[in-house]
């Protein structure tokens, strides 16, 4: 639990620092690197195998994100360090959430129940070091401000819970695909609801990313349909061997 809580705190702190010291484009491209990092960790440390088609679906997704933000890519030493560490810690956190749910035979709510208080205690120690608490203390808090903070906390709870559900019942890779889909929906929602203009490169990037996600879903469903028959064949071979 302490390991999961520690990686959760690192994921929260480092991604926020990455956003603070990088442009939005650099932050998004670094965030996209979590997907291949998750695959590498599972292959190297947990002997998990991914089909060639699954790996190929990452190409249009990566290209889509890069095309969206290539004009906003700016690198600096501190921002790059925070972004790199954020990618590693976030990937480790996602992989461990998936593994520990199965190892401890817990559902997502149970794991979150044990992990959240430990993470809160750790962040309570880190916050005074990284946050300007003087501004927080002297600020005049209106009812509206307090309600927004409470609403944000409720939303954060459901974000964490749904993250555990997706990672626990599917996989860290599928969770990253959902994240990429959310990114596209944000851009499309801004254009449709708030009438924000979409440049040609953004439209192309969204199309590539969504195309890659749809292709991934198709390949994943195909693999899942073939899995039962594969396991049945293996059981048959084992039975023949025993006879």
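Here is how the numbers come out for the structure above:
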quantity	calculated
Sole exception among (1) modelled with pLDDT under 85; (2) surrounded by fewer than 16 Cβ atoms within 10 Å (Cβ to Cβ); (3) at negative phi for residue 195, by number	(3)
Residue match in segment 116-134 (condition: in contact with a helix residue (DSSP H, G or I) (Cβ under 7 Å, 6 or more places away or on another chain), under 19 Å from residue 35 (Cα atoms) and touching a residue at least 24 places away in the same chain (Cβ under 8 Å))	no
Condition check for residue 203: more than 27 Å from residue 9 (Cβ to Cβ) and surrounded by 15 or more Cβ atoms within 10 Å (Cβ to Cβ)	yes
Residue check, residue 81 over 17 Å from the mean Cα position of the chain (by Cα), assigned to a helix (DSSP H, G or I) and at pLDDT below 85	no
Residues located in segment 31-76, provided they are without any contact (Cβ under 8 Å) to a residue 24 or more places away in the chain, surrounded by 12 or more Cβ atoms within 10 Å (Cβ to Cβ) and part of a loop (DSSP other than H, G, I, E, B)	48
Flag if residue 86 is part of a helix (DSSP H, G or I), at pLDDT below 90 and under 28 Å from residue 206 (Cβ atoms)	no
Long-range neighbours under 7 Å by Cβ, at least six apart or interchain, first residue over 25 Å from residue 56 (Cα atoms) within segment 186-213, second part of a loop (DSSP other than H, G, I, E, B) and at pLDDT below 80	190/196; 191/198
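The values are calculated or read from the model by the stated rules, or taken from the named source; none is laboratory data. Nothing here was measured: the structure is a model prediction, and the numbers come from that model. All Cβ positions, glycine included, derive from the backbone under ideal geometry; neighbour counts span all protein chains shown.
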